[in-house]
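Here the structure comes first, spelled out in structure tokens, and everything after it is commentary.
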Amino acid sequence: MFDPRSIPADQSAIDALRGQGLDYRQVDHDDEAALLAWVQAETRGFHHARPEAPELRRSLQVARQRNVRAVYDPTAHDAAVPVATVDGWPSGLSVPGGRSVDAWAVSGVTVSPTHRRRGIARALLEAQLRYAREAGAALAMLTLTEATIYGRYGFGPAASAATVVVDRRRVRWIGPESPGRVQFVEPADLIAKAPAIARRAVSRTPGEIDRWPGFLERHLGLFDPESAGSRAIRVARYDDASGQPQGFVAYTISREPNVPGVVECDLLVAASDDAERALWRFLVEQDFVTEVRARLRSVDEPLPWLLEDPRAASMHDIVDHLWLRVLDPVVALSAREYGASGTLTLEVTDPLGHASGGFVLDVSGDGRAEVRRTDEARSGEVPDAPGSASRSGRRSRAQAAHGLRLDVRELGSVYLGGVRPSVLARAGRIEELSPGSVALADRLFAAPRTPHLSIWF
Ligand SMILES: CC(C)(COP(=O)(O)OP(=O)(O)OC[C@H]1O[C@@H](n2cnc3c(N)ncnc32)[C@H](O)[C@@H]1OP(=O)(O)O)[C@@H](O)C(=O)NCCC(=O)NCCS
């Protein structure tokens, strides 16, 4: 496994910030005081309260695994506290077809309000993209606070998420019975099995990323088990008919005396459709509650179809949750499966240069693609026509191939199948190079399952 801490600090970022009297460097993972100062700066940067000791311990444990970078101002009142933070780490990203592609997660991007709009975030982000390439990542990815920040670095919104709100009083279940059983388990008992269940759940949903050390412990309240927040967390597990765990849900119920509560759910992990249905049913059929609120759910939940009154479940706060930035189009496009066969040329522009060029996507009947740069195709020839028997044959350029011209941001948006190329073409953000190309792109990039990311990172 590639160690993200092994990458030396990016020289372009060092030079760019030195010009402003600022010091960009790697935070030493063995220097606890420096890491703590980084965590405090990041927490302040996101406008959170100072973290309590257990949260600090958790953050330290996580930061130690990552590429942690900071910017210091030697003239500041407390020069040991960074004026800007960022971290990154390699992570798999699930793509249509069930594979995982090597990607690079970026997080913790903050610049102190005392140092804003001097180009610090730009230096941090551009360096992270170079680290990602050094780590061999085909894409960079992030979740973000504001949708106006990251397009300039080539990121595009790729998977949405929503809060599902269920009116408990209108719930009447009409879905199938799941053959297994749901039972309460203590978080400490679940933790041994939870990562394996989560891995299977992640692999069946494009857009989900590998979890990181401590993620499940945090959501199950295990970092701070005696705090009021952790003691409020209840956990239920679904086991299939043969007794194999296939999913779990962690939730709390807000509770005033003599008033029905509200179920708050931030983690519903299902490795099978049965598990998903059974856990939803468990949540929405609870007595003495008025409402169930589940955050970061798919915009394509099957839940309304499981209820007699589909309007009992409504979708709120739909956001562009996962943003992707393609760095290596050949590797990224080769990793996923496609919804149809055909040949499509992509002319990609990338102001930062990582992904620019022409690419031929040649998808065969099994949905797998052969991808190559157009300059690797023999001159005067283009790849086989859609449906032709041989991949190796060529036809003349007179029979123009289907093609699109698009920016790397749009490539990131269509990559998982969460945004249809035709929508971006209607918005003038994808240019069709020959008639029928957008329709073909819609068919190719369609994914059997709507992409979804169920966590913040
Ligand atoms: C977002 C943030 C990191 C930007 O830092 P910064 O150092 O001021 O940004 P830069 O000076 O490098 O700006 C780079 C570009 O981004 C733009 N930009 C920066 N922040 C922006 C924002 N919040 N909204 C829109 N544009 C923004 C700048 O105008 C500049 O544009 P240009 O390329 O056209 O010149 C900083 O405002 C911050 O810490 N915000 C609070 C925490 C946060 O939201 N972090 C993002 C986490 S996902």
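The values are calculated or read from the model by the stated rules, or taken from the named source; none is laboratory data. Owing to the predicted nature of the structure, the values given are computational and were not obtained by experimental measurement. Here the Cβ is made from the backbone with ideal geometry for all residues, glycine too, and neighbour counts use every protein chain on show. Only protein heavy atoms, including side chains, enter the accessible area calculation; ligands, DNA and RNA are left aside. Shrake-Rupley method; radii C 1.70, N 1.55, O 1.52, S 1.80 Å.
With respect to the conditions (1) open to solvent by 60 Å² or more (accessible area, probe 1.4 Å); (2) in a loop (DSSP other than H, G, I, E, B); (3) out of contact with any strand residue (DSSP E or B) (no Cβ under 9 Å at 6 or more places or on another chain); (4) not aromatic (Phe, Trp, Tyr), PRO8 lacks only one, and its number is (3). Picking from residues in segment 27-76 that are hydroxyl-bearing (Ser, Thr, Tyr) and away from the ligand (no atom under 15 Å from the Cβ), the one that is surrounded by the most Cβ atoms within 10 Å (Cβ to Cβ) is SER59. Restricting segment 273-310 to residues that are of a type in the set (S, T, N, Q) and open to solvent by 20 Å² or more (accessible area, probe 1.4 Å), the residue that is nearest to PRO195 (Cα to Cα) is GLN286. Total residues in segment 110-125 satisfying the condition of being more than 7 Å from the ligand (Cβ to nearest atom), more than 12 Å from ARG44 (Cβ to Cβ) and surrounded by fewer than 16 Cβ atoms within 10 Å (Cβ to Cβ): the figure is 0. Within segment 228-272, the set of residues being closer than 18 Å to GLU186 by Cα, open to solvent by 40 Å² or more (accessible area, probe 1.4 Å) and among the aliphatic types (A, V, I, L, M) comprises ALA228, ALA232, ILE253. Mind checking whether some residue in segment 64-74 is more than 24 Å from LEU216 (Cβ to Cβ) and of a type in the set (Phe, Trp, Tyr)? So far as segment 64-74 goes, yes, one or more of its residues are more than 24 Å from LEU216 (Cβ to Cβ) and of a type in the set (Phe, Trp, Tyr). With respect to the conditions (1) closer than 20 Å to GLU126 by Cα; (2) surrounded by fewer than 19 Cβ atoms within 10 Å (Cβ to Cβ), ILE191 lacks only one, and its number is (1). Here LEU139 meets each of (1) open to solvent by 10 Å² or more (accessible area, probe 1.4 Å); (2) away from the ligand (no atom under 15 Å from the Cβ) with one exception, condition (1).
Could you list, in sequence order, all residues of segment 83-95 that are more than 21 Å from SER6 (Cβ to Cβ) and within 13 Å of the ligand (Cβ to nearest atom)? Residues satisfying the conditions are VAL83, ALA84. Looking at the structure I just gave you, is PRO90 farther than 30 Å from VAL202 by Cβ, open to solvent by 20 Å² or more (accessible area, probe 1.4 Å) and not small (Gly, Ala, Ser)? For PRO90, the condition - farther than 30 Å from VAL202 by Cβ, open to solvent by 20 Å² or more (accessible area, probe 1.4 Å) and not small (Gly, Ala, Ser) - is not met.
Search segment 353-374 for residues being touching a strand residue (DSSP E or B) at 6+ places or on another chain (Cβ under 9 Å) and assigned to a loop (DSSP other than H, G, I, E, B), and hand back the single one that is least open to solvent (accessible area, probe 1.4 Å). Only one residue tops the list, namely ALA355. I need the helices (runs of 4 or more DSSP H) fully contained in segment 120-207, keeping only those with at least 3 residues that are under 22 Å from ARG449 (Cβ atoms). Answer list for segment 120-207: 194-203. When segment 148-178 is filtered for residues that are closer than 9 Å to TRP323 by Cβ and either at pLDDT below 95 or near the ligand (Cβ under 9 Å from one of its atoms) (or both), only TYR150 remains.
On inspection, GLY207 qualifies as crowded, with 19+ Cβ neighbours inside 10 Å, under 30 Å from GLY156 (Cα atoms) and not assigned by TED's automatic domain parsing to the domain that holds SER59. Checking each residue in segment 244-272 for being closer than 19 Å to PRO195 by Cβ and free of Cβ contacts under 8 Å to residues at least 24 places away in the same chain picks out only GLN244. Screening ALA76, ALA49, ALA80 for residues that are under 22 Å from LEU144 (Cβ atoms), assigned to a loop (DSSP other than H, G, I, E, B) and not assigned by TED's automatic domain parsing to the domain that holds GLY214 leaves exactly one candidate, ALA49. Scanning segment 96-109 finds no residues that are in contact with a Ser or Thr (Cβ under 6 Å, 6 or more places away or on another chain), within 7 Å of the ligand (Cβ to nearest atom) and among the β-branched types (Val, Ile, Thr). The set of residues in segment 423-451 that are among the hydroxyl-bearing types (Ser, Thr, Tyr) and over 23 Å from the mean Cα position of the chain (by Cα) comprises SER434, SER437.
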